[in-house]
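Engineer: After the structure tokens below, expect a handful of questions from me.
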Amino acid sequence: MPRFYAGVGVSPDYKHLYIYGGKGNEAGDQNIGIEYFYDLYQVDWDKRSIRKLWEQEPPAVNRVVSRDMVVSKDEQSIYFLSYPEYQPQSHIQLYRMNIADGNCEALGDSIPLVSEEIATNVNLYYSEKLGCFYCTIQEFEETGGSSIRMYSLRSEERRVGKE
């Protein structure tokens, strides 16, 4: 189904692409109504196939995923940032999700976020060399201004590939 606010992560060997969540509807027109998705798809570049791995029950509070997700070295987990984009004053949370079954675990503390405009941009990156995640946030104001913040988030394992 057409969607936006979905997260994308690439496996370390570049053979798989993972697409998680988002919101949208069958018509692809956000003016008709919105449905939140909590499903994971795997794109296999070698087989030229797309496979739905599973679908989760919606959480108590709807949320969207950052654009970039980080796939662990062993391709067992996906790390992503998530937040309720419809709440102007909210928080971003880092999650680790099991690729096999969708089991999610919140990691660390949350990061405050002002999401008053749809253009708000949240991204997650990982430095293997430093064993550290980086979160970038671009918040837009109604007056046309914007601010950019960057956070470093230390990985609990110090290396995402050692899970």
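The values are calculated or read from the model by the stated rules, or taken from the named source; none is laboratory data. Because the structure is predicted, anything quoted here is derived from the model rather than measured. When we count neighbours, we look across all protein chains shown, and the Cβ atoms used for this are built from the backbone with ideal geometry, even at glycine. When the accessible area is computed, the model is the full protein with side chains, heavy atoms only, and any ligands, DNA or RNA have been set aside. Shrake-Rupley method; radii C 1.70, N 1.55, O 1.52, S 1.80 Å.
Engineer: In the chain, what percent of the accessible surface is made up of carbon and sulfur (1.4 Å probe, ligands and nucleic acids excluded)?
Structural biologist: Solvent-exposed carbon and sulfur of the chain make up 48 percent of the total.
Engineer: Summing Lys, Arg as +1 and Asp, Glu as -1, what charge do residues with Cβ under 9 Å from the Cβ of LYS23 carry, LYS23 excluded?
Structural biologist: -1
Engineer: Would you work out which of PHE140, TYR18, VAL122 lies farthest towards the positive end of the dipole of the chain, given +1 charges on the beta-carbon of Lys and Arg and -1 on that of Asp and Glu, about the Cα centre?
Structural biologist: My answer, from the dipole projection, is TYR18.
Engineer: Something else now. Using only the alpha carbons of segment 1-144, determine the length spanned along each of the three principal axes and report them from longest to shortest in whole angstroms.
Structural biologist: Principal axes ranked by extent give 46, 41, 28 Å for the Cα atoms.
Engineer: So, one more: What does the charge count near LEU53 come to, summing +1 for each Lys or Arg and -1 for each Asp or Glu among other residues with Cβ under 11 Å from its Cβ?
Structural biologist: Net charge in that neighbourhood comes out at -1.
Engineer: Using a Cα distance threshold of under 15 Å, what count of lysine pairs results for the chain when pairs must be 8 or more residues apart or interchain?
Structural biologist: Qualifying lysine pairs in the chain: 5.
Engineer: Using alpha carbon centroids, what distance separates segment 46-114 and segment 11-33, in Å?
Structural biologist: 12
Engineer: Further question: Hey, what did the chain get for relative contact order, percent, Cα under 8 Å, at least 6 apart?
Structural biologist: 15
Engineer: Another question about this same structure. Along the positive direction of the dipole of the chain (beta-carbon charges: Lys, Arg +1; Asp, Glu -1; about the Cα centre), which of LEU153, GLY33, GLN76 reaches farthest?
Structural biologist: Farthest towards the positive end: GLN76.
Engineer: Let me ask you something else. How big is the charge dipole of segment 10-163 about its Cα centre, in debye rounded to the nearest 20, if each Lys and Arg gets +1 on its Cβ and each Asp and Glu gets -1 on its Cβ?
Structural biologist: Charge dipole of segment 10-163: 620 debye, to the nearest 20.
Engineer: Here's a follow-up. How long is the gain from ARG67 to HIS91 if the chain were fully straight, where each residue apart is worth 0.36 nm and the alpha carbon distance is subtracted?
Structural biologist: 7.0 nm
Engineer: At what distance in nm do the modelled label points of SER49 and ILE148 sit from each other, each positioned 7 Å from its Cα along Cα→Cβ?
Structural biologist: About 4.1 nm, to one decimal.
Engineer: May I ask you to evaluate 6.51 cos²θ - 1.76 cosθ + 1.60, the Karplus curve with θ = phi - 60°, for each residue of segment 40-46 and list the ³J(HN,Hα) values in order in whole Hz, giving x for glycine and proline?
Structural biologist: 10, 10, 10, 9, 9, 5, 5
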